[in-house]
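The structure appears below as structure tokens.
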Amino acid sequence: MNRGRRRQAAIAILLLAGAAAFYLWGDKLPLSPCPFKLVTGYPCPGCGGSRAVTLLLHGHAREALLMNPLSVLVALFAAVSLCWIVIDVARGRSTYWNIYKIPWSRPAIIAAVVVLLLDWAWNIYKGL
């Protein structure tokens, strides 16, 4: 197995292990304080992300979206990435990494910043 396929297999295993850990112990993990919130008093865009992913993995999609919508999108992206990498490893290809070679357009960057700011505003609104 060449280095690229080993790297893909390792990433797939890590993503799968992370998902399994969140599924099994996500609601039992101690919550660490958010440094951003400790300094500013406001939640960061990622606050509530672990709880949202745990809710999603336990089939509570609505509650997960209400907890932290951006974390749900990131978790779905990770799931798609995991499947894609596993398929690449099985086929001996490396197509997944090609998406990182595509340059970001200005509208895509603006959309990503807007989504991040909306998620942050949602966390502040909820008083997380």
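Farther than 30 Å from Lys37 by Cα, out of contact with any strand residue (DSSP E or B) (no Cβ under 7 Å at 6 or more places or on another chain), touching a residue at least 60 places away in the same chain (Cβ under 8 Å) and not acidic (Asp, Glu): is that true of Leu116 in this structure? No. Scanning the range 109-127 for residues that are out of contact with any Gly (no Cβ under 9 Å at 6 or more places or on another chain) and either charged (D, E, K, R) or not in a helix (DSSP H, G or I) (or both) returns a single hit, Gly127. Note on the range 12-77: enclosed helices (runs of 4 or more DSSP H) holding 1 or more residues that are modelled with pLDDT under 90 and under 28 Å from Asp88 (Cα atoms) are 49-57.
The values are calculated or read from the model by the stated rules, or taken from the named source; none is laboratory data. Worth saying up front: this structure is predicted, and the values here are computed from it rather than measured. Virtual Cβ from ideal backbone geometry, glycine too; neighbours counted across all protein chains shown.
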